[in-house]
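Enquirer: If you scroll down you'll find the structure; I have some questions about it.
The values are calculated or read from the model by the stated rules, or taken from the named source; none is laboratory data. Note that the structure is a prediction, hence the values are computed from the model and not measured. Cβ sites come from the backbone with ideal geometry, for glycine too, and all protein chains shown count toward neighbours.
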Amino acid sequence: MGLRILMLTDYFPPHLGGGVEQVTHHLCQGLVGRGNVVTALTLNTQRVPLHEEDGNLTIRRVPGMDLTSLVGVQFAVSLRLMPSLISVMQNFKPQVVHAHNLFFRTTEAAALVRLVSRVPLVTTLHLGSVQGGHRALRALIRGYEATMGRFIVGRSSHLIAVSQDAANHARGFGGDRTGITVIPNGVNTCTFSPKQVRCKKSTTVLFVGRLVPNKGPQILLRAVPFVLSRHPKAKFLLVGDGPMRLKLEREARDLGIEGKVEFLGTRKDVPDLMREADVFVRPSFLEGMPLTVLEAMASGLPVIATPSGGTPELLIEGVHGWLFPVGDYRALADSLDRVLSNPDMGRKMGERGRLMVEESYPWSRMVKDTEAVYKAVILK
């Protein structure tokens, strides 16, 4: 007989903004496929139905705002979520609650409800250590982890970390006492697959992610003029949206590269865009286990990324792509030059990345391992 699982996440499709909602959605589907009954409680940040049912998956949405850029300043909203969470728990009677992302309001609410509930709480940590970036952001994150983060970890029955880096980082605010299991994100290798033949006159550099400082799109823009000086036919596609978009578009005009850089906004055809690209760039300051890197590797692309979070656990330098220091746009430009100057090397890197992802990061493994954690905490 399957389990009754309550899944908590601030964001859930059709909201498209980051990897957490995609991971949570695929996890829900996979758990239902294994015979479990799942209710997902999320925020209604868009005008979509408050209640949806699809077989053994129920989605319940409560009104909320998109506060993605305001890390750790949403405690009042979390308090307002508690009645909705308690109501769903009373009606659904879950055997386990699974919250995603230490910084989400739904996670804060779940930890608060645990003060009066005996239902086990599993919390997934989707972010690791911060490398570089603004001092204010680093201070805000560390302050949050030392206070509310430590409280959430203390109220959790068990932690799941998406990378070894995230697990090591959590030990700094009580993770060892709670217990941590590392379960990396998976990827759908059918949806994300390589294009068999690439015949193009230009080369395409692809970025997919939210347009916020910690994802590093500004670093990519600063690298573009140096790359174009060596590869004038290259073009750069930025997929995603966020508060930096207008600023980045102005910067592209100021740099004189607006004709070579396209801001595509949020797209549903990311698998197709990856199949048409030649190299993928992830210049982040803060990561857990970047889903887009897995997707790019599944698509047969060489990857150029910073060593933030769990990225070095995925990407072996010189085998699947190249790593460059956080914030170093000249090093990023040099790495892009290395790949674009040697297409055969890039193709072989992409092939090796595809094989590695197929063998080590299928969705099915992530779902099975997560279900095993649920069963262990229920039996405690």
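Enquirer: State which residue is farthest from Pro83 (Cα to Cα) when the search covers only the range 33-58 and only residues that are among the β-branched types (Val, Ile, Thr), modelled with pLDDT under 95 and under 22 Å from the mean Cα position of the chain (by Cα).
Expert: So the first thing to find is which residues in the range 33-58 are among the β-branched types (Val, Ile, Thr), and the list is 37-39, 42, 45, 48, 58.
Now drop any that are not modelled with pLDDT under 95, which leaves 42, 45, 48.
From what is left, the residues that are under 22 Å from the mean Cα position of the chain (by Cα) are 42, 45.
Details: Thr42: 13, Thr45: 18 Å.
Ranking the qualifying residues of the range 33-58, first place goes to Thr45.
Enquirer: In the range 109-201, which helices (runs of 4 or more DSSP H) lie fully inside it and hold 1 or more residues that are more than 19 Å from the chain's Cα centre (by Cα) and in the same structural domain as Pro83 (by TED's automatic domain parsing)?
Expert: Working: elements: 135-144, 150-155, 164-170, 175-178.
The helices (runs of 4 or more DSSP H) meeting that bar are 135-144, 150-155, 175-178.
Enquirer: Give the residues of the range 132-147 that are surrounded by fewer than 20 Cβ atoms within 10 Å (Cβ to Cβ) and at negative phi, sorted by residue number. Don't jump to the end; show me each part of the working.
Expert: We begin by selecting, within the range 132-147, every residue surrounded by fewer than 20 Cβ atoms within 10 Å (Cβ to Cβ); these are 132-140, 142-144, 146-147.
Within the range 132-147, His134, Arg135, Ala136, Leu137, Arg138, Ala139, Leu140, Arg142, Gly143, Tyr144, Ala146, Thr147 qualify.
Enquirer: Restricting the search to the range 1-32, which residues are under 13 Å from the mean Cα position of the chain (by Cα) and of a type in the set (Gly, Ala, Ser)?
Expert: Gly17, Gly18, Gly19
Enquirer: State whether the residues of the range 94-104 include one that is closer than 22 Å to Asn44 by Cβ, among the β-branched types (Val, Ile, Thr) and in contact with a strand residue (DSSP E or B) (Cβ under 8 Å, 6 or more places away or on another chain).
Expert: yes
Enquirer: Out of Arg171, Arg177, Arg230, report the one residue that is modelled with pLDDT of 95 or more, surrounded by fewer than 16 Cβ atoms within 10 Å (Cβ to Cβ) and more than 22 Å from Val367 (Cα to Cα).
Expert: One residue alone meets the criteria, Arg230.
Enquirer: Now a separate question. So is Ala170 closer than 27 Å to Thr311 by Cβ, aliphatic (A, V, I, L, M) and in contact with a strand residue (DSSP E or B) (Cβ under 6 Å, 6 or more places away or on another chain) or not? Please lay out each step first, then the result.
Expert: Numbers: closer than 27 Å to Thr311 by Cβ: yes; aliphatic (A, V, I, L, M): yes; in contact with a strand residue (DSSP E or B) (Cβ under 6 Å, 6 or more places away or on another chain): yes.
The answer is yes for Ala170.
Enquirer: Follow-up question, since we're still on this one. For Asn214, only one of the following conditions fails: (1) outside any loop (DSSP other than H, G, I, E, B); (2) of a type outside the set (A, V, I, L, M, F, W, C); (3) surrounded by fewer than 21 Cβ atoms within 10 Å (Cβ to Cβ); (4) under 22 Å from the mean Cα position of the chain (by Cα). What is its number?
Expert: Every condition holds for Asn214 apart from (3).
Enquirer: Just give me the residues in the range 59-83 being outside any loop (DSSP other than H, G, I, E, B), touching a helix residue (DSSP H, G or I) at 6+ places or on another chain (Cβ under 8 Å) and either at positive phi or modelled with pLDDT of 75 or more (or both), in sequence order. Even if it seems obvious, please write down each step before you answer.
Expert: Filtering the range 59-83 down to residues outside any loop (DSSP other than H, G, I, E, B) leaves 59-63, 75-83.
From what is left, the residues that are touching a helix residue (DSSP H, G or I) at 6+ places or on another chain (Cβ under 8 Å) are 60, 62, 75, 77-79, 81-82.
Answer for the range 59-83, where residues must be outside any loop (DSSP other than H, G, I, E, B), touching a helix residue (DSSP H, G or I) at 6+ places or on another chain (Cβ under 8 Å) and either at positive phi or modelled with pLDDT of 75 or more (or both): Arg60, Val62, Leu81, Met82.
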